[in-house]
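For reference, the structure discussed in these notes is given below.
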Amino acid sequence: MAAGATPARHRPGSVGEVIELHALTKRYGPTTAVDDLTLTVRPGHVTGFLGPNGAGKSTTLRMILGLTRPTGGTVTVAGVRFVDRPRGLRHAGALLDAGDVHGGRSAAAHLTALARGNGIGRARVDEVLREVGLAGVARRRIGGFSLGMRQRLGIAAALLGDPPVLLFDEPFNGLDPEGVRWVRDLFRRLAGEGRTVFVSSHLMSEMENCADRLVVIGRGRLIAEQSLAEFAGTRTSVAVRTPEAAALTAVLAAEGGSAHPDDAGGLVVTGLTAERIGDLALAHRIALHELTTRTASLEEAFMELTAASVEYPGGKTR
């Protein structure tokens, strides 16, 4: 199902709204879901929100929107608690759970009810249905929608108030390849208009394709907050092939490097640049057959950084 070409409107003066969390904490009895979390999500970027299962991502999004009350700390959207805004959809739109809709209503009826409660005109319902590609099924009951169609309906609801701040939790679930590309392009366009776009997803490939900033948490604590390029770029290694692996490993260790065998019979070296490795090999008359600098993928960098924060690590396969 192709999305319509009608772009979301953008109101002058709606740029520049930030999401600010300060020492945000949520406990459920003895369990701390979010732990002293402080960060700022700024406009003009698609900010990816990453973390292992159980890291506290969904709880954080719910606290931003006032659906879950913090145990401690504060969270504001453009300097104001979201719950203090009488017509919230004009300030922030969100897709948290595509299945959290009344299956007996039509798509048009669902959006019309939301529009009426937020002082939004009926014409806007038709606009967002066209934009997400659901205009042709607007009168169908949501109970008959596929997961991908429900995701599109949730995105339509988030866009309904033409808000400057948008939050999405796992928005790619259930979408076909065309739908994934459409959502990716939509997020980039919204950020390009100066909006604040905050996206939680476990699909590393999609975050790598659409996010330009990342926030990573583990066990409720902030692990990283930086650009995508900085996040992956600081985790580099050098692939080396040599017939004298043992000798080179000893030389590199003496210079502060670390070399480990890879599955292809070569070495993976960290702690030294390719140039320095080449110079050391030449000085010690060690032949090299390959010397390649390698930047970690987002998935590899994420797995490395969050290894200690995984709540339910998988077992080893024998």
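Overview of results
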item	result
DSSP-defined antiparallel bridges as percent of all bridges, the stretch 19-226, nearest 5	50
Extension gain from Glu255 to Thr32, taking 0.36 nm per residue of separation minus the Cα-Cα distance	76.0 nm
Mean-position separation - Cα centroids, the stretch 93-150 and the stretch 221-287, in angstrom	53
Environment charge at His202 (Cβ cut-off 11 Å; Lys +1, Arg +1, Asp -1, Glu -1)	-3
Nearest-ten-degree value, helix 107-117 long axis tilted from longest Cα axis of the chain	80
Charge context of Pro177, other residues only, Cβ under 15 angstrom, K/R +1, D/E -1	-1
Förster radius 22 Å - calculated FRET efficiency between Glu230 and Thr292 (Cβ-Cβ, nearest 0.05)	0.50
20 Å binning of all Cα-Cα separations within the chain, expressed as whole percents from 0 upward	29, 47, 20, 4
Nearest 10 degrees, 0 to 90: helix 147-159 Cα axis against the chain principal axis	70
Most mobile of Asp126, Asp84, Asp263 in a GNM of the chain (Cα contacts under 10 Å)	Asp263
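A short reminder: the numbers here are calculations on the coordinates, not readings from a lab. From a predicted model like this one, the values you see are computed outputs, not experimental measurements. Virtual Cβ from ideal backbone geometry, glycine too; neighbours counted across all protein chains shown.
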